[in-house]
1. Residue-wise, which Karplus ³J(HN,Hα) couplings in Hz belong to the range B:332-337, taking 6.51 cos²θ - 1.76 cosθ + 1.60, θ = phi - 60°, and x for glycine or proline?
2. With θ set to phi - 60° and the Karplus curve 6.51 cos²θ - 1.76 cosθ + 1.60, what are the ³J(HN,Hα) couplings of the range A:474-481 in order, to the nearest whole Hz, using x for Gly and Pro?
3. Going by how many other Cβ atoms sit within 10 Å of their own, how do A:GLU326, A:GLU291, A:GLU501 line up, fewest first?
4. In the structure shown, do any of A:LYS272/B:LYS252; A:LYS36/A:LYS198; A:LYS272/A:LYS315 have a Cα-Cα gap over 18 Å, and if so which?
5. Where the centre of each part is set by its Cα atoms, how far does the range A:334-360 sit from the range B:177-238, in angstrom?
6. Provide, for q = 0.08, 0.18 Å⁻¹, the log10 of I(q)/I(0) from a solvent-free Debye sum over equal Cα point scatterers in the range A:12-244.
7. Summarise the partner chain shielding of A:354-361 as one whole number: the mean count of Cβ atoms from other chains within 10 Å of each residue's Cβ.
8. Apply the a/c threshold of 1.5 to the C-alpha gyration tensor of the range B:10-350 and tell me whether it is rounded, prolate or oblate.
Amino acid sequence: MTASTLDPTPAIELVGIDKRFGAVHANKNIHLSVAKGSIHGIIGENGAGKSTLMSILYGFYHADSGQILVDGKDLKITDSQTAIRAGIGMVHQHFMLVENFSVLENVMLGVEGGVLLKGGETAVRGALQQIEREYGLDVDPDAIIEELPVGKQQRVEILKALYRGAEVLILDEPTGVLTPAEADHLFKMLAQLKAQGKTVILITHKLREIMAITDTVSVMRRGEMVATRKTAETTMAELAELMVGRRVLLRVEKGEAKPGPVVLSVENLTVKDGRGVTMVDNVSFEVRAGEIVGIAGVAGNGQSELLEAIAGIRKASSGRIVMNGEPVDRNGRIDPALLRKKGLAHVPEDRHHMGLVLSFEENENSILGYQDDPKYLKGPFLNIDAIRKDAIEKIEKYDIRPADPRLKTANFSGGNQQKIVLAREIERDPACLLVGQPTRGVDIGAIEFIHKRLVSLRDEGKAILLVSVELDEIRSLSDRILVMFAGTIVGEPAAHADEQEIGLMMAGIGREAAE
Amino acid sequence: MSVPLGTLPRWVNFGLLPLLNVAVAFAISGLVVLFIGENPIEAVKYLVAGALGDGEGIAFTLYYATNFIFTGLAVAVAFHGGLFNIGGEGQVYLGGLGVAFAALALDRYMPWYITAVLATAAAFAFGAAWAFIPAWLQAKRGSHIVITTIMFNFIAAALMVYLLVNVIKQPGNMSPQTRLFEEGGQLPKLGWLMQVFGLDIGAAPFNVSFLIALVAAFAVWLLIWRTRFGFEIRTMGTNATAAVYAGIPYVKTVVVTMLISGGLSGMMALNPVMGDAGKLQIDFPAGAGFVGIAVALMGRSHPVGIVIASILFGVLYQGGAALAFDMPNISREVIILIQGLVILFAGALEHMFRPALIVLFAPKPKSVAASAAGAA
């Protein structure tokens, strides 16, 4: 396809791949051709079927029908072993590494080559050095995984794939856990791999990455492959439209904030995790009525713990949280139920594990946390009629689909599940709203809706604390930005600071540079 | 992007699957019977005839079922809260003590229905109290409730033997048991109910506690699916993190759930103690606390399922006894083996046939995909 391709046989060719899970038609008659030595992006909303397609290619799932051609040869990929032997390597979104093993041990995992480890170790060490020389992947083979930064852990995953002879490397949402600088580094490595003749398939929902690195891009929507374009010949706006099926606003439209009095004030808060490691270190800040304060940071720098401590879910080891001038604790304990009564609503980061009970009916989740509100009760009994009526109102107002309050929550898509949580929390008319990763795993159409809703809530004079690892989201929504690194707030960049500046702060080297 | 699990139609999940499990258990039991040298078809005939063949058999079946309904409900309530209460046996035993105290105190002065109310309350309270310590240990200290409730079964057995031998034994009686309750301390038999269906109760101890069990089943349904507390129990049981998020107090919810569970177990004692023997005896729970686990598993922790599963186990108990009587080659131990197989297939191996059934019955796509493949 591309002019640079010497070998006309595509590295990977998918012909008529079809896959269903129960009622969900995840892949509909997919045709895809990936040119050898190219970087091919696959973009689509969450739930569009990207990961399913790659899982079929990697042997995790079997296609109901269709054909996979590797190097022009028809291949029955029954499990990931077959895929690996065929030269396909995969770097998962969530790394598959043994945290307390060294890099070397992780690379040789599954290919130890005998009862005794010694021989395998020597062989792997030699091979690693060669791979590192060729591709410039510098990682100390004896470093322990859990001591490495995330970007390097990802490199280990890539090394693993290369050691197993991967010619085609699939990366599933590789930048979700990286700082902008680490992401840049990753892209340089991918370019290097390409230069060495490897083929890269990059799955992402971030348009910016597609534009920056890929040669060709294929767009998926609702299980279908809707278009394939040469990256140089397309635009972000076109791709976004293809992904969603209609025109989308990529930026949030909002006016100036009119901050009022302080609603939420966090004073010298310190939070330790179960092992006694300090996750939030002496953090203080304020959120005023009518403003959105965004906390930026790479995942794992204490934002989650901070949010949970304010919401009363995690115990703070010291410090104070004050709402509307009153401390929120009762004898040193903070109780989520009490906080709700004081007007604090919380959209948790992880809706599957915290915000929802997936096996419950939709209407049951629409009262989770507010089950002691008299309007949902008749004495000790649930007022089923009132609950369902209330759920239907929220379904209509938030356009939750399918509009069925009796449907099991697990059967809603990610975006609609998030709307269930948002509807529940926002419709309580809270004075202060904590929002964690409001659009994680949510499709673009719903992102637009959620962002608009948050901005209008701000305009109603609510105080909003936003935590997100999506820097774009923080920048477009927040009136003030705080950057967290290693448990402390390392800076408050100007609202219109550029990505570079915030990115440096997120990496913990911002302070000196910024001042 | 989660993989949607195959969901089965309700009739398959709640009807076909349990039926299949029981059928396989019977098929293997049939092989055992064959091995012993008896005719399995004949054996099934005796079993069914013994359990359902006449009024007395049916009444006996329902008498046993009553026990299992109570203990099954007890296991189910705890299970909805994510707690595995293995301590039914001990809680039943202690419940019996409560029943005996109420009956011994009141039987000479009160009609049976007054005594029954107080005995029910006492049975519930004693069973609940026995579940309290494991519950509290779980909630406060994280001591695993499976371990503690099992241990409490042994403590209950030892305590009850001590009490029956040394404290509440009827003076001058050889066996460790209380005196016989007077009429005001005994639950009436349900002969009239059998007569409605034109059946004769015979000598079966089928009594009013069956009706109490049905009321309890309804009450459990109300509790779990229609009350705020039930909502909190289910939230805690299905997603503990969401329960914390929702401000559901863990300690209180664990303790109260276990009190209700233990109380339901305790109520079982009404049936054998006040409804049948008319006295408190050693070892009266006779394993019903454990059968409750199988019943709750088989009944999918739903009161309707539990009542049905209880009746099935009632059939096995009563029919098994008849079979052992009619086919001397089939000893009591073989009957226990058959019951064990049913528990094994309905409980432990509950999910064995599920994948196959999902392939067969999970919403159509398979056939559509197959035709698509045919077209391609």
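What follows is calculated from the coordinates using simple rules that are stated; it is not laboratory data. None of these values were measured; they are calculated from a predicted model. Neighbour counts are summed over all protein chains in view; Cβ atoms, including those assigned to glycine, are modelled from backbone coordinates with ideal geometry.
1. Karplus values, whole Hz, x for Gly and Pro: 3, 5, 5, 4, 4, 4.
2. 4, 5, 7, 9, 6, 8, 9, 10
3. Lowest count first: A:GLU326, A:GLU501, A:GLU291.
4. A:LYS272/B:LYS252
5. 39 Å
6. Log-scaled intensity ratios, in q order: -0.29, -1.39.
7. Mean partner-chain Cβ count within 10 Å for A:354-361: 5.
8. oblate
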